[in-house]
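Participant: Before I ask anything, here is the structure I am working with.
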Amino acid sequence: MHRSMTIAHYTPENSTNVRFKSGSAAHPPRLALRAGAVLRGLGLRASAALLPELAGLWAERLFLTPPTPAYPESDYFDLIDARHRMLPYKGRLISTWSWGARGLADDGPAVLLAHGWGGNAAQLRGFVHHLAAAGLRVIAYDQPAHGLSEGRLTGLPDFAGALRTVALQHGGVRAVIGHSLGATAAALAIARGLPIERIVLLSPPADLVAYSRRFARWHHMPERVRSAMQAAIEERYGVRWSELDVARLAPRLRAQALVIHDRADRVVPWKQGAKFARLWPQARLMSTEGLGHGRILQTAQVWQAAADFITGRSRVAEAPHPALPHPAPLY
């Protein structure tokens, strides 16, 4: 079950909106990128007609290749006050940054920050001050094949595996703040036994198949190619996508959870976050308006709401009483 909340008073409501003046941060794709997608789509269609399995493998590489970064390298100056460390993960090095007490597990609880697809650690810099001020260590990292971390191909199981590795190597991680695919990866790691007590999921995708179908439409990919792509990815990671669905993971999700999602998110629709909140036992849902998928990481109210939930300083962190029926109503 889940409970919605207001950011202003932290009192339960059926629906909670936090409004902002500006619109969604998601912009229409550039004409050149769109043209490239059309050309790739034509190639995939032609390959599907002649060699469908080959088309599926081509689509697999396309799906598992992170986009070219849209952010400047100067973003890493935002991490200049952190301690940098490289950690091995499946033959690749993962770049991590930490703030707070020196040392590892004996220096108190820590919060792990996990960015999403195509992002980097610097995107989550705004959460650091609020968490460090509460006496917590903070750890951020670049996902495999992102930023300064090594690799070329990656996917959700890799995200979850890297998150687990970073958490265990740094030690003392009791909470996670994850954005987009990083949030879903954190849920997967928790379901697989990572001992996390609290988690904030920002704009989390709840349905990998639905996302892959949006990806296929963007690249003008026939359904038989998308299906072949899914089969190839499942074989690569040794896990079926149905096993990664939040409905399958929910019974094993024991951490206290807050989902924050913008109603105008054009990258991951709001209903995906609402699904996470509905299925995650006793989760809370905070809906914003005017932030889209990206600016939700740049807003002081979101930073504060996440920190308050992680530290238990707000009523939203309490167990709901009385219990709502399952699934709880959203409206």
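The values are calculated or read from the model by the stated rules, or taken from the named source; none is laboratory data. Just so it is clear, the structure is predicted and the values come from calculations on it, not from any experiment. All Cβ positions, glycine included, derive from the backbone under ideal geometry; neighbour counts span all protein chains shown.
Participant: Look at the stretch 139-183 and say how many of its residues are over 15 Å from the mean Cα position of the chain (by Cα), within 15 Å of Ile199 (Cα to Cα) and surrounded by fewer than 23 Cβ atoms within 10 Å (Cβ to Cβ).
Facilitator: Result for the stretch 139-183: 2.
Participant: Output the residue which, of all residues in the stretch 294-327 that are touching a strand residue (DSSP E or B) at 6+ places or on another chain (Cβ under 7 Å) and surrounded by 19 or more Cβ atoms within 10 Å (Cβ to Cβ), is modelled with the lowest pLDDT.
Facilitator: Checking each candidate, the answer is Val316.
Participant: Sticking with this structure for a sec: Return the residues of the stretch 199-227 that are touching a Gly at 6+ places or on another chain (Cβ under 8 Å) and in contact (Cβ under 8 Å) with a residue 60 or more places away in the chain; say none if nothing qualifies.
Facilitator: The answer is Val200, Leu201, Leu202, Ser203, Pro204, Ala206, His219, His220, Met221, Val225, Ser227.
Participant: Which residue is modelled with the highest pLDDT, if the candidates are limited to the stretch 200-238 and must be among the β-branched types (Val, Ile, Thr) and either crowded, with 16+ Cβ neighbours inside 10 Å or in contact with a His (Cβ under 7 Å, 6 or more places away or on another chain) (or both)?
Facilitator: The qualifying residue modelled with the highest pLDDT is Val200.
Participant: Going by the structure shown, is Glu197 surrounded by fewer than 24 Cβ atoms within 10 Å (Cβ to Cβ) and in contact with a strand residue (DSSP E or B) (Cβ under 7 Å, 6 or more places away or on another chain)?
Facilitator: Criteria met by Glu197.
Participant: Sort out which residues of the stretch 239-268 are among the β-branched types (Val, Ile, Thr), crowded, with 23+ Cβ neighbours inside 10 Å and in a loop (DSSP other than H, G, I, E, B), and write them in order of number.
Facilitator: Val268
Participant: Hey, another quick one. Condition first: more than 18 Å from Ala132 (Cβ to Cβ), in a strand (DSSP E or B) and of a type outside the set (Lys, Arg). Now tell me which residues in the stretch 76-98 satisfy that.
Facilitator: Met86, Leu87, Pro88, Tyr89, Leu93, Ile94, Ser95
Participant: Given the conditions (1) part of a loop (DSSP other than H, G, I, E, B); (2) surrounded by 23 or more Cβ atoms within 10 Å (Cβ to Cβ); (3) at pLDDT below 90, and given that Leu291 satisfies all but one, which numbered condition is not satisfied?
Facilitator: (3)
Participant: Could you give me the residue pairs with C-beta distances under 8 Å whose first residue belongs to the stretch 279-304 and is of a type in the set (D, E, K, R), whose second residue is part of a helix (DSSP H, G or I) and surrounded by 23 or more Cβ atoms within 10 Å (Cβ to Cβ) wherever it lies, and which are 6+ apart or on separate chains?
Facilitator: From residues that are of a type in the set (D, E, K, R), the pairs are Arg284/Ala277; Arg284/Phe309; Arg284/Val316.
Participant: Would you mind finding the one in Ala191, Ala187, Ala122 that is buried (at least 24 other Cβ atoms within 10 Å of the Cβ), of a type outside the set (Val, Ile, Thr) and touching a helix residue (DSSP H, G or I) at 6+ places or on another chain (Cβ under 8 Å)?
Facilitator: Selected residue: Ala187, the only one of Ala191, Ala187, Ala122 that is buried (at least 24 other Cβ atoms within 10 Å of the Cβ), of a type outside the set (Val, Ile, Thr) and touching a helix residue (DSSP H, G or I) at 6+ places or on another chain (Cβ under 8 Å).
Participant: Got a sec? Which of Ala55, Ala122, Ala59 is in a helix (DSSP H, G or I), under 25 Å from the mean Cα position of the chain (by Cα), modelled with pLDDT of 70 or more and over 24 Å from Ala183 (Cβ atoms)?
Facilitator: Ala59 is the lone residue from the list that is in a helix (DSSP H, G or I), under 25 Å from the mean Cα position of the chain (by Cα), modelled with pLDDT of 70 or more and over 24 Å from Ala183 (Cβ atoms).
Participant: Is there a residue being under 16 Å from the mean Cα position of the chain (by Cα) and closer than 14 Å to Ala160 by Cβ anywhere in the stretch 211-226?
Facilitator: No, the conditions are met nowhere in the stretch 211-226.
Participant: Could you check, for the stretch 180-195, whether at least one of its residues is hydroxyl-bearing (Ser, Thr, Tyr), within 15 Å of Leu163 (Cα to Cα) and in contact (Cβ under 8 Å) with a residue 24 or more places away in the chain?
Facilitator: yes
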